[in-house]
Structures are given as C-alpha cells and as structure tokens.
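J.: A single structure is presented below for examination.
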Amino acid sequence: MATEQMSLDQIEILANEALIGAGTLPESAKSVSKAVRSAERDGIPSHGMLYVPIYCEHVKCGKVDGSAVPELIQPRQSAIKVDAKTGFAHPAIDAGFNELIPLVKSNGCAGLTIFNSYNCGVLGYHVERLAEADIVGIGFTNSPASIAPVGGKKPVIGTNPFALAVPDSAGGAAFVLDQSASVVAKSEIMMRAREGESIPEGWALDPEGQSTTDPEIALKGSMAPSGGYKGFGIGLLVEVMAAALSGAVLGIQASPFSGTTGGPPRTGQCFIAFDPEAYSGAEFYERISALVDAIQSQDGARLPGERRKKNRQRIELEGVEVSQSLIEKIRSFCV
C-alpha cells in the first residue's frame with residue numbers, strides 16, 4: 001500500500017480544507033481539524049485522518065449540520081448548557097469551555113452539558129485542555145447503542161467513554177485517563193472491517209451473544225463490555241451523565257455514527273470541572289506527585305495515557321505515514 005509521510009501541520013491543513021469543502025463553517029472546521037491533528041499526534045489513527053472522510057460525508061448527507069452555530073445557555077450560576085444544533089461536538093465544546101474555565105476559577109467548580117451533538121472524537125483530548133488550565137476535568141460522552149447488558153443480546157448503551165485529566169501545576173496534565181465501557185472503541189473494529197482484518201477474541205459478540213473475531217459480524221452484534229458487568233455499569237453511568245442529564249438522545253434512540261442514514265444522532269457530552277486551589281490548594285499537587293511517583297517507580301508500570309505522551313514526542317518530529325488512497329479521498333472534498 002502506497003503511503004505518504006505527512007507532518008502534523010499538513011494533516012491539520014488538509015483536514016480543515018476538506019471539512020470546509022464539504023460545507024463546514026471555517027470556525028467549526030478549525031475546531032475539528034485541531035482534534036484530528038491531536039489524534040494523529042498521539043498515535044490514535046482511528047480518530048484521526050481515517051475519520052475525516054466520514055465527517056465530510058456526514059456533512060454532505062445532513063447527519064451533521066456543518067453550518068450550525070452552537071447556542072450557549074446558562075440556567076444557573078455554575079451550570080452551562082450548549083445546544084450543538086446537530087452540528088459538530090467540537091465547536092460546541094469549545095464554546096462551553098470558553099465560559100466554563102473562568103466560571104470554575106471564580107466558583108471553584110462548575111458543570112457543562114452539550115446536547116443535539118455528534119461524535120466528539122477522543123474524549124481525553126478535551127479534558128486535557130482543562131488540565132492545561134490547572135483544572136481537574138472529568139468528561140462523559142454517550143454514543144449509539146452498541147453494548148448489550150450482561151446476559152442480554154440487544155445493545156442498550158454505547159461504548160460510552162469517560163475521561164479524567166489531572167493538572168500538574170506546570171500548565172500540563174500529570175496524567176489523562178480515557179477509557180470506554182467496551183473492551184475497545186467501536187472505531188477500532190470499524191477500522192479493521194475496512195481493512196479486511198480479523199479482531200482479537202473478546203473484543204465483540206455476534207448477534208447471538210457469542211464471541212466473534214469477524215469485524216463484520218461484530219458490527220451486527222454488540223461490543224464486549226470491559227470487565228463484564230462492571231464495564232456495563234460504567235457505560236450506564238456515562239449514559240446518565242451525557243444523555244439523561246444533558247437532555248441528549250439516549251443511545252437506544254440515536255442514529256449510528258457510521259453510514260449516511262438515520263439523520264443527526266443528537267447525542268451528548270457532560271463535563272465536570274474543579275479548581276484544586278478552591279479545595280486542597282498546593283497539597284493537591286503534592287498528593288498527585290506522590291501518586292504518580294508510586295506508579296512510575298515500579299518496573300513495567302505506566303500511568304494512564306503514558307503511551308500517548310510517548311507517541312506525541314516521536315510523531316511531532318517524524319510526522320505520520322498516511323495511505324495515498326486515504327489522502328486522495330480526503331482531497332476529493334476540498335474545493
């Protein structure tokens with residue numbers, strides 16, 4: 001397969017041009033393309049360039065309103081809501097963060113919900129931005145149903161990730177925990193289905209609830225919850241926070257993120273943010289440092305998100321290899 005080496009700048013520019021060419025407002029395209037760049041930088045190709053043609057196709061078919069302008073609502077002093085207007089999640093989250101961060105600094109804590117939204121990409125990318133503002137950020141995002149309850153066969157909740165970003169007192173994140181309710185993200189199975197590869201045992205179940213290594217059959221069945229009933233419980237927590245609390249559509253009612261049918265998914269996100277200075281002050285950072293040291297001092301142990309950090313150090317210098325066929329597909333959307 002022919003590939004082309006691309007810098008992160010080139011990736012962001014190409015993604016931005018394709019999104020605008022598909023009919024996305026420049027401000028929204030900028031927000032999404034920055035997240036695409038971040039995914040590639042951190043070695044998460046399933047949420048990087050591979051997703052750009054899907055984003056563009058969804059703008060073209062109306063699954064995403066590329067011209068949507070998020071509407072911000074503040075019903076209470078420490079509560080912010082953003083109506084994404086069936087547009088991209090990224091600009092809606094940006095609009096919410098612009099108000100959330102100063103609110104947390106003044107009040108100590110605040111909450112943000114987004115509804116009428118869409119796939120927000122890598123959830124850890126968003127909460128890490130809160131850590132960079134010296135804020136403890138917790139994020140939740142729901143998705144179309146793809147996980148059946150333990151003992152059942154019919155999907156009820158999505159892969160529903162949650163993420164935690166902890167500041168390091170130096171303008172960065174001490175660590176970022178980002179995990180889904182499923183063994184792997186659904187996009188990983190979709191990627192293997194496109195490439196004609198099998199999936200490992202234990203990733204997914206067929207429509208009868210039996211384990212399968214065929215990604216095509218897996219997409220017709222359900223994702224396997226991480227840790228059995230505990231993983232399903234985490235997904236249920238996320239569904240409450242990101243869908244029920246935000247006023248978004250439940251996963252059982254949402255149209256799929258893949259394909260062009262079904263209209264906007266109207267899913268949601270939820271973020272809870274704390275300023276450590278309002279609670280434990282400098283002691284917070286001392287405790288986080290001790291916690292990090294207790295993990296990293298053990299041979300073979302690693303912090304959550306450490307692999308992504310190592311990837312970004314290398315990829316920022318080397319760039320990434322992208323298949324020419326994918327590049328051509330993305331360029332086809334550019335004006």
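The values are calculated or read from the model by the stated rules, or taken from the named source; none is laboratory data. Because the structure is a prediction, the values reported are computed rather than measured. Cβ atoms come from the backbone with ideal geometry, glycine included; neighbour counts cover every protein chain shown.
J.: Within the stretch 150-203, track down each residue that is part of a loop (DSSP other than H, G, I, E, B), without any contact (Cβ under 8 Å) to a residue 60 or more places away in the chain and polar (S, T, N, Q).
T.: If the condition is that a residue be part of a loop (DSSP other than H, G, I, E, B), without any contact (Cβ under 8 Å) to a residue 60 or more places away in the chain and polar (S, T, N, Q), then S180, S198 are the ones that fit.
J.: Tell me, yes or no, whether the stretch 39-58 has at least one residue that is more than 22 Å from R312 (Cβ to Cβ) and in a loop (DSSP other than H, G, I, E, B).
T.: Taking every residue of the stretch 39-58 in turn, none turns out to be more than 22 Å from R312 (Cβ to Cβ) and in a loop (DSSP other than H, G, I, E, B).
J.: Also, I was wondering about something else. So, in the stretch 123-176, how many residues would count as being under 29 Å from P264 (Cβ atoms), surrounded by fewer than 21 Cβ atoms within 10 Å (Cβ to Cβ) and at pLDDT below 95?
T.: Residues meeting the conditions: 5.
J.: With the structure loaded, tell me whether V238 is buried (at least 19 other Cβ atoms within 10 Å of the Cβ), under 16 Å from the mean Cα position of the chain (by Cα) and of a type in the set (A, V, I, L, M) or whether it fails that test.
T.: So V238 passes the test.
J.: Output the residue which, of all residues in the stretch 204-253 that are assigned to a loop (DSSP other than H, G, I, E, B) and β-branched (V, I, T), is nearest to G96 (Cα to Cα).
T.: Filtering first and then ranking leaves V249.
J.: Out of the stretch 296-335, which residues are in contact with an Asp or Glu (Cβ under 9 Å, 6 or more places away or on another chain), assigned to a helix (DSSP H, G or I) and within 20 Å of A163 (Cβ to Cβ)?
T.: If the condition is that a residue be in contact with an Asp or Glu (Cβ under 9 Å, 6 or more places away or on another chain), assigned to a helix (DSSP H, G or I) and within 20 Å of A163 (Cβ to Cβ), then R307, R308, K309, N311, R312 are the ones that fit.
J.: Name every residue in the stretch 105-128 that is more than 11 Å from A35 (Cα to Cα) and assigned to a helix (DSSP H, G or I), in order of residue number.
T.: Of everything in the stretch 105-128, those that are more than 11 Å from A35 (Cα to Cα) and assigned to a helix (DSSP H, G or I) turn out to be K105, S106, N107, V127, E128.
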